[in-house]
Amino acid sequence: MALPNINPTTTNSWKKLEAHFKEVASLQMKDLFAKDKERADKFTISWEDFYVDFSKNRITDATLQYLLELADEVGLKTAIERQYQGDKINKTEGRAVLHTALRAPADAIITVDGKNIVPEVQAVKEDVKTFTNAVVNGERKGYTGKPFTHVVNIGIGGSDLGPAMVVDALQFYKNQLTTYFVSNVDGDHVNEVIKKLNPETTLFVIVSKTFTTQETISNANTIKKWFLQSANKEDIAKHFVAVSTNLEAVQNFGIHKDNIFPMWDWVGGRFSLWSAVGLSISLAVGYDNYESLLTGAHKMDVHFKNEDFKSNIPVVLGLISIWYNNFFKAESEAVIPYAQYLNQFATYLQQGIMESNGKSIDRNGDPVNYQTGTLIWGEPGTNSQHAFFQLIHQGTKLIPADFIGFTQSLHGNQDHHDKLISNFLAQTEALLNGKTETQVAEEGTKEDIMPFKVFGGNKPTNTIFINKLSPESLGKLIAMYEHKIFVQGVIWNIFSYDQFGVELGKQLANKILKEFNGEESSTHDASTLNLLNHYKNNR
Ligand code: F6P
């Protein structure tokens, strides 16, 4: 069955939230803390190794109550059930949405078109395991009999961002293989990577759900050409493997059918790192760590499905985000991990969040009359403190932020970790309390400089404190955001699992490419025509 399709603005709870917003918009969080000694405990969810404090938000008990009513009124519970049981909730593409099935236990039964898909998922996982072990142990060798030392993932979007982010995040757990990612069609990207490779000891993993993506196919062809300068055609079977749903196109590329890891149309690209798309992760950190990543995600799936909404982490975070987006009219959200390992996390989330919920047509096919998907951005702390925090603290824009931190450091350098976490805690405290004129005056600041040193405070943050960065906790964290995306998509009454918005640019680029080669000419606006000619004359 399809998802319920209720315009959220027509619900009673939305109307309550509108009226309530007028009452609470100017409240100061520090007053709310002063009045309610229970606030911090009440607005914290402690689950497994996660401690999620959402008390530093511009919410009251009533706000949360009305938001939870909104979740009920739009049928969120039913929507979650329909997603998990494999209903074709991606209606515009006629597909189920089952990244949760990729991390479900082997004895689960999840049916698509009347067929239990779990055995197939398990079989591919088994193949990933066997292949990973053979490469990592050095049993599987290159064309001159040497074990592999390097792995290159060739893919883009969901076939790159997830694996690249996770491999970077889990580098503490990495084995001897060096992993590179090639994504951009910019030839300088692939050529810079090629410079570092020896064809005899490099394994290439081509990841493309469709196997038609311009960037990936171009990079794969360039690499194949380079490889064939030193190896023979038959050697391709040893060095190239692919992950795709398009088995025919992969074989046409020259990859042996035994070297293809299948995936399914019910896995969206941006939710696919849990499938064989994560092969590079498995190769980089070993299969057991990869399995732990999946276990973590599954634990979050169970939490999301079964936990009461009021203590359900993705639900609460999703609702709070709706509160800022639709009532405070905040345009963006920042994600600030206090962990250098999560350097690529915000970039990864950008695809998940913005490709999913950047929609303006509702599930009835009508234009929405309210805001949908938020802009997402961020960089690790403390670097970000020295880059853009000025604007969050004293700028004119409201930027709700998620602060993600780990209580334990992986290398155990306590001195550094204490400094890191003191900054982590200090920033959310500063954003909450700000700095008053009196405090500034007490520091002996000259009167004319005073206004510049005042901090308004009242800036909302969530603090997601996790014990340790491990494959399992990372799996939980990623799944947490995936489910937050779902919650918001359901409430905004949009389809989160298609991405037609990326097609137009692709089509036009193909047309323009033909014009460079003089194969075609088409009409353009004057600006594009000038730019096109400028390129042709100067390339
Ligand atoms: O950018 C659009 C998109 O379709 C993404 O959704 C997807 O992750 C990416 O392209 C790559 O697609 P493929 O895996 O089919 O090469």
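Taking the condition within 16 Å of the ligand (Cβ to nearest atom), surrounded by fewer than 23 Cβ atoms within 10 Å (Cβ to Cβ) and free of Cβ contacts under 8 Å to residues at least 40 places away in the same chain, does LEU504 pass?
yes
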Seminar exercise, completed: By my count, helices (runs of 4 or more DSSP H) wholly in the range 258-373 with at least 1 residues that are out of contact with any strand residue (DSSP E or B) (no Cβ under 9 Å at 6 or more places or on another chain) and of a type in the set (D, E, K, R) are 287-306
Seminar exercise, completed: Selection over the range 268-293 where residues are in contact with a Phe, Trp or Tyr (Cβ under 6 Å, 6 or more places away or on another chain) and away from the ligand (no atom under 14 Å from the Cβ) yields a count of 4
Exercise. Which residues, counting only those in the range 337-363, are under 30 Å from HIS416 (Cβ atoms), among the polar types (S, T, N, Q) and more than 16 Å from the ligand (Cβ to nearest atom)?
Worked result: GLN340, ASN343
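Looking at the range 63-170, what helices (runs of 4 or more DSSP H) fall wholly within it and have at least 2 residues that are more than 16 Å from the ligand (Cβ to nearest atom), modelled with pLDDT under 95 and in contact with a Pro (Cβ under 7 Å, 6 or more places away or on another chain)?
none
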For this session: Please give the number of the condition THR445 fails out of (1) assigned to a helix (DSSP H, G or I); (2) without any contact (Cβ under 8 Å) to a residue 60 or more places away in the chain; (3) surrounded by 12 or more Cβ atoms within 10 Å (Cβ to Cβ).
Result: (1)
Problem set entry | Residue, farthest from the ligand (Cβ to nearest atom), within the range 242-253, restricted to residues that are within 13 Å of VAL205 (Cα to Cα) and not in a helix (DSSP H, G or I) | ALA242
For this session: May I ask you to list the residues in the range 1-25 that are under 29 Å from the mean Cα position of the chain (by Cα), in a loop (DSSP other than H, G, I, E, B) and β-branched (Val, Ile, Thr)?
Result: ILE6
Problem set entry | All positions within the range 449-463 that are surrounded by fewer than 22 Cβ atoms within 10 Å (Cβ to Cβ) and not in a helix (DSSP H, G or I) | VAL454, PHE455, GLY456, GLY457, ASN458, THR463
Exercise. Restricting attention to the range 173-184, does a residue exist that is of a type in the set (D, E, K, R), away from the ligand (no atom under 15 Å from the Cβ), outside any helix (DSSP H, G or I) and touching a helix residue (DSSP H, G or I) at 6+ places or on another chain (Cβ under 8 Å)?
Worked result: yes
Problem set entry | Unmet criterion (only one of (1) free of Cβ contacts under 8 Å to residues at least 60 places away in the same chain; (2) crowded, with 22+ Cβ neighbours inside 10 Å; (3) within 15 Å of the ligand (Cβ to nearest atom)) for VAL190 | (3)
Exercise. Looking at ILE494, ILE421, which one is in contact (Cβ under 8 Å) with a residue 12 or more places away in the chain, surrounded by fewer than 24 Cβ atoms within 10 Å (Cβ to Cβ) and touching a helix residue (DSSP H, G or I) at 6+ places or on another chain (Cβ under 7 Å)?
Worked result: ILE494
Seminar exercise, completed: The condition of being under 30 Å from PHE172 (Cβ atoms) and among the acidic types (Asp, Glu) holds, among GLU482, GLU503, only for GLU482
For this session: Exactly one condition in (1) closer than 21 Å to ALA401 by Cβ; (2) touching a Ser or Thr at 6+ places or on another chain (Cβ under 6 Å) is not met by LEU32; state its number.
Result: (2)
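The values are calculated or read from the model by the stated rules, or taken from the named source; none is laboratory data. Please read these numbers as outputs of a predicted model, since none were measured by experiment. Because the Cβ atoms are built from the backbone with ideal geometry, glycine has one as well, and the counts that use them run over all protein chains shown.
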